[in-house]
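Here is the structure we will look at, set down as structure tokens.
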Amino acid sequence: MAYQNIPVANGYQVVEQIAAFAATAGWTVHRNEESSFNSNFRIVTLSDGIGAYITLAGKNNRIYLNGHRGIDTGSDWNNQPDQYVDTTDDGVKVDTYCRVRLNVTPILSVYLFGGASPKPYLYAAIEVEPGYYRHITMGYFEKFGTALGGLFWDIAETSDSPRSIAHESSNKYPLVYNSRNRDHDNTKGGFDAQDRNGDPVWVAFGTDFHAGYKIGGYWGNEFYSQIQVSPIRFNSRIPFITPLVSISNLGLVPYGIAPALRYVNMAYLLPGDEITMGTETWKVFPLIRNAPASGEDFGDYDEEGSSDYGIAYLKG
């Protein structure tokens, strides 16, 4: 496993550093270049050497992600063979364009975590300003069976809507199935899986998905409940929560778990704190900001928050 904390100024540099870091963490870098379609973007394509791919496109204040089963290094990030992004309808594009908004530039740094065991993974905690974060999570699920696929990508992000940005229940949290962000213009990551007929299918994290893809992820109500009942009252210990990702195949069917990633309550923790358990060291961050959102009807960037919702990455 590998870990780095690297100063960066914008989304272009975040993607550039992810590419450099990925190779040290056991990933194959198929593409790492300034976009020939728009010089403001840097495009990076990654995989574990087989199967599907993830392409990232970063510019000053945005980072986009796309999954695809084929690869064409001469085409743009959102024009790849057998891809997740649906460009046939602008209304659908809102869902399939998995996008991180950085809101301010320059930003501060990116914390990178990666490894090849038990499955390849690559995580980025982006420190936008002191205490304010965005996250990119990518990897291959530890699957429970022999289903096709396994590649996933998702983000932590706030709402586009001023009416929703001031409510942490409207945040987009990675790998979550029924996040309440469904009612506004927010984006969804996804994963490569199979349907009941044994055919490949793209699955979207979240509900109210308009592209006709299947939906799946970690059950949001369970996520909420487990965060709310920790820390444990009689001993003040903070449990790690493993996101169990399911797919909607005539009911939610368990599919797998993301390696080296856990959810955690941040009540007794600060951004960047480290927790040692046996031979493992985990580093924790707020999912957005370790403070309640303002709760006003209309919010701005400095009013966003994710209360005690946090995420832990395996550092070493």
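The values are calculated or read from the model by the stated rules, or taken from the named source; none is laboratory data. Note that the structure is a prediction, hence the values are computed from the model and not measured. Please note: Cβ atoms are built from the backbone with ideal geometry, for glycine as well, and neighbour counts cover all protein chains shown.
Any idea which of GLY295, GLY305 is touching a residue at least 40 places away in the same chain (Cβ under 8 Å) and closer than 26 Å to GLY217 by Cα?
Result: GLY305 is the single residue among GLY295, GLY305 that is touching a residue at least 40 places away in the same chain (Cβ under 8 Å) and closer than 26 Å to GLY217 by Cα.
For region 289-309, give me each residue that is crowded, with 19+ Cβ neighbours inside 10 Å and either among the polar types (S, T, N, Q) or within 18 Å of PRO243 (Cα to Cα) (or both).
Those that are crowded, with 19+ Cβ neighbours inside 10 Å and either among the polar types (S, T, N, Q) or within 18 Å of PRO243 (Cα to Cα) (or both): ASN290, SER306, SER307, ASP308, TYR309.
May I ask you to list the residues in region 67-83 that are within 24 Å of ALA25 (Cβ to Cβ), in contact (Cβ under 8 Å) with a residue 40 or more places away in the chain and not small (Gly, Ala, Ser)?
ARG69, ILE71, THR73, TRP77
Going through VAL100, VAL104 one at a time, which residue ends up being at negative phi and buried (at least 18 other Cβ atoms within 10 Å of the Cβ)?
Unique residue meeting the criteria: VAL100.
May I ask you to list the residues in region 264-288 that are more than 14 Å from SER170 (Cβ to Cβ) and buried (at least 22 other Cβ atoms within 10 Å of the Cβ)?
Those that are more than 14 Å from SER170 (Cβ to Cβ) and buried (at least 22 other Cβ atoms within 10 Å of the Cβ): VAL264, ASN265, MET266, VAL284, PHE285, PRO286.
Given the residues ALA204, ALA267, which is the only one that is touching a residue at least 12 places away in the same chain (Cβ under 8 Å), hydrophobic (A, V, I, L, M, F, W, C) and in contact with a Phe, Trp or Tyr (Cβ under 6 Å, 6 or more places away or on another chain)?
Among ALA204, ALA267, only ALA204 is touching a residue at least 12 places away in the same chain (Cβ under 8 Å), hydrophobic (A, V, I, L, M, F, W, C) and in contact with a Phe, Trp or Tyr (Cβ under 6 Å, 6 or more places away or on another chain).
Restricting the search to region 1-41, which residues are without any contact (Cβ under 8 Å) to a residue 40 or more places away in the chain and either farther than 18 Å from TYR97 by Cβ or surrounded by 23 or more Cβ atoms within 10 Å (Cβ to Cβ) (or both)?
ALA19, ALA20, ALA23, THR28, VAL29, ASN32, GLU33, GLU34, SER36, SER39, PHE41
Looking at TYR255, is it under 21 Å from the mean Cα position of the chain (by Cα), within 28 Å of PRO118 (Cα to Cα) and buried (at least 20 other Cβ atoms within 10 Å of the Cβ)?
For TYR255, the condition - under 21 Å from the mean Cα position of the chain (by Cα), within 28 Å of PRO118 (Cα to Cα) and buried (at least 20 other Cβ atoms within 10 Å of the Cβ) - is met.
Which members of region 102-153 meet the condition of being closer than 30 Å to ASP300 by Cα and of a type in the set (Val, Ile, Thr)?
Once the filter is applied, which keeps residues that are closer than 30 Å to ASP300 by Cα and of a type in the set (Val, Ile, Thr), region 102-153 yields VAL104, THR105, ILE107, VAL110, ILE126, VAL128, ILE136, THR137.
TRP77 versus (1) out of contact with any Asp or Glu (no Cβ under 9 Å at 6 or more places or on another chain); (2) closer than 30 Å to THR279 by Cβ: which is the lone unmet condition?
(2)
Hey, among ILE288, ILE311, ILE247, which residue is closer than 15 Å to PHE205 by Cβ, in contact with a Gly (Cβ under 7 Å, 6 or more places away or on another chain) and either touching a residue at least 12 places away in the same chain (Cβ under 8 Å) or β-branched (Val, Ile, Thr) (or both)?
ILE247
Of these, SER161, SER117, which one is buried (at least 17 other Cβ atoms within 10 Å of the Cβ) and either aliphatic (A, V, I, L, M) or out of contact with any Ser or Thr (no Cβ under 6 Å at 6 or more places or on another chain) (or both)?
SER161
Could you look through region 139-158, keep only residues that are among the hydroxyl-bearing types (Ser, Thr, Tyr) and assigned to a loop (DSSP other than H, G, I, E, B), and pick out the one that is nearest to the chain's Cα centre (by Cα)?
Looking at residues that are among the hydroxyl-bearing types (Ser, Thr, Tyr) and assigned to a loop (DSSP other than H, G, I, E, B), I get THR158.
May I ask you to verify whether SER161 is part of a loop (DSSP other than H, G, I, E, B), modelled with pLDDT of 95 or more and out of contact with any strand residue (DSSP E or B) (no Cβ under 8 Å at 6 or more places or on another chain)?
no
Can you tell me which of (1) aromatic (Phe, Trp, Tyr); (2) farther than 19 Å from HIS135 by Cα; (3) within 21 Å of the chain's Cα centre (by Cα) is the one TYR263 doesn't meet?
Condition (2) is where TYR263 drops out.
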